[in-house]
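**Q** Let me begin by handing over the structure; questions about it come next.
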Amino acid sequence: MQKLKVIFQVIVNLGNQVRHFPRSVGITIKQRRQQIAADAAEAERLDRIRNPSKYLGK
């Protein structure tokens with residue numbers, strides 16, 4: 001009986017993982033896009049610090 005209970009729990013957990021997979025993929029993609037945007041902003045900030053003459057008119 002205990003083995004059946006463990007097998008059932010494994011099946012239920014697998015079903016939950018399959019059900020939540022699309023959401024986790026979406027979250028991962030969103031986080032990656034945010035990180036790319038943050039990296040670009042940081043690169044521009046560092047460029048402004050290193051080369052202030054390029055940004056005098058802005």
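The values are calculated or read from the model by the stated rules, or taken from the named source; none is laboratory data. Everything numeric in this text was worked out from a predicted model, so none of it was measured. Side chains are part of the model used for accessible areas, which takes the heavy atoms of the whole protein and leaves out ligands, DNA and RNA. Shrake-Rupley method; radii C 1.70, N 1.55, O 1.52, S 1.80 Å.
**Q** Binning every alpha carbon pair distance of the chain at 5 Å from zero, what are the percents per bin?
**A** P(r) for the chain, in whole percents per bin: 4, 16, 10, 10, 10, 8, 8, 7, 7, 6, 5, 4, 3, 2, 1, 0.
**Q** What part of the accessible area of the chain, given as a whole %, is carbon or sulfur when the probe is 1.4 angstrom? Intermediate results must be reported in sequence, preceding the final value.
**A** Numbers: 3500 of 5620 Å².
Carbon and sulfur atoms account for 62 percent of the accessible area of the chain.
**Q** Still on this model: Determine the per residue accessible area of the chain with all protein chains present and a 1.4 angstrom probe, expressed in square angstrom. Write out the running numbers ahead of the final one.
**A** Values: 5620 Å² over 58 residues.
That works out to 97 Å² for each residue.
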